[in-house]
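The values are calculated or read from the model by the stated rules, or taken from the named source; none is laboratory data. In this text, all values refer to a predicted model and were calculated from it rather than measured experimentally. Reconstructed Cβ throughout: ideal geometry from the backbone, glycine too, with neighbour counts over all protein chains shown.
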Amino acid sequence: MSKYKILSSNSKTGVSLNLPTPETCDDRCPFNGNGCYAQKGRFVFHAVKDAGLRRLRLFEESPDLFFDVLEQDLAKARRKGVTHIRIFGSGDFPSIGFVTKLKFSLWMFPSMRFWISSFKWGKGIFSALPDDWWPTNTTLRRSLATSGVRSRVLEKKDIKEGQLSKVCPATLKVLSTCEECGHRCWSRKVKEVIYVKH
């Protein structure tokens, strides 16, 4: 049994892989340091922040061990009946090396569904890799993108009536868990999801 733990749980999204912010975030993200939900609330509690930093440090010091532990955690989650995992409930890709190792780990669990949220994807060193580079059990949702499978964050007052069907019902507090809406964020068929800024 490893002394490390890569995955954590959340009452809304279920099980997720979280990395620290702003340490793994892109400086160009308009929410970085300015209203990012993952830079306030429970995310700034010392225990939560320290856990994210430990995960990042483990990856930086021993990438192979990090992904060995991730695969152990995924296997344990699968045995418990977990079917959907969110990648980056906080944080983003720390490096291109992380990307290639993550792809292999997710590919090893074809019965599970993965949703990756990323502002960095499609920019800088990540610009050469297409969104559909990921295995078929994985949906990459680019934050603030203007096309493709994407997500946007809007103030409630800025959401137009015609956009309501795209709004995450949990951010409107209509539903309380991702399971209740059928895990729409995990589906490539759902091209756009709008989150209410919170």
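Here is how the numbers come out for the structure above:
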quantity: Residue selected from segment 84-114 under the condition free of Cβ contacts under 8 Å to residues at least 60 places away in the same chain and not in a helix (DSSP H, G or I), by the criterion farthest from D26 (Cα to Cα); calculated: S111
quantity: Out of F43, F98, sole residue that is aromatic (F, W, Y) and in contact with a Ser or Thr (Cβ under 8 Å, 6 or more places away or on another chain); calculated: F43
quantity: Counted residues, segment 182-198 - those being assigned to a strand (DSSP E or B) and either under 19 Å from F114 (Cβ atoms) or modelled with pLDDT of 90 or more (or both); calculated: 4
quantity: Residue that is modelled with the highest pLDDT, among those in segment 113-138 that are buried (at least 16 other Cβ atoms within 10 Å of the Cβ) and charged (D, E, K, R); calculated: R113
quantity: Scope segment 6-61; condition at pLDDT below 90, among the aliphatic types (A, V, I, L, M) and under 25 Å from R184 (Cα atoms); matching residues; calculated: A38
quantity: Scope segment 178-198; condition closer than 17 Å to S147 by Cβ and either in contact with a Phe, Trp or Tyr (Cβ under 6 Å, 6 or more places away or on another chain) or of a type in the set (V, I, T) (or both); matching residues; calculated: V190, V193, I194
quantity: Counted residues, segment 130-168 - those being over 19 Å from H84 (Cβ atoms), outside any loop (DSSP other than H, G, I, E, B), without any contact (Cβ under 8 Å) to a residue 40 or more places away in the chain and of a type in the set (A, V, I, L, M); calculated: 2
quantity: Flag if V15 is part of a strand (DSSP E or B) and surrounded by 12 or more Cβ atoms within 10 Å (Cβ to Cβ); calculated: yes
quantity: Residue in segment 160-181 that is at pLDDT below 95, among the acidic types (D, E) and either within 19 Å of A38 (Cα to Cα) or surrounded by 16 or more Cβ atoms within 10 Å (Cβ to Cβ) (or both) present; calculated: no
quantity: Qualifying residue in segment 85-93 (condition: surrounded by 15 or more Cβ atoms within 10 Å (Cβ to Cβ), at positive phi and within 14 Å of the chain's Cα centre (by Cα)); calculated: yes
quantity: All positions within segment 1-51 that are of a type in the set (G, A, S) and touching a residue at least 24 places away in the same chain (Cβ under 8 Å); calculated: S2, S8, S11, G14, S16, G35, A38, A51
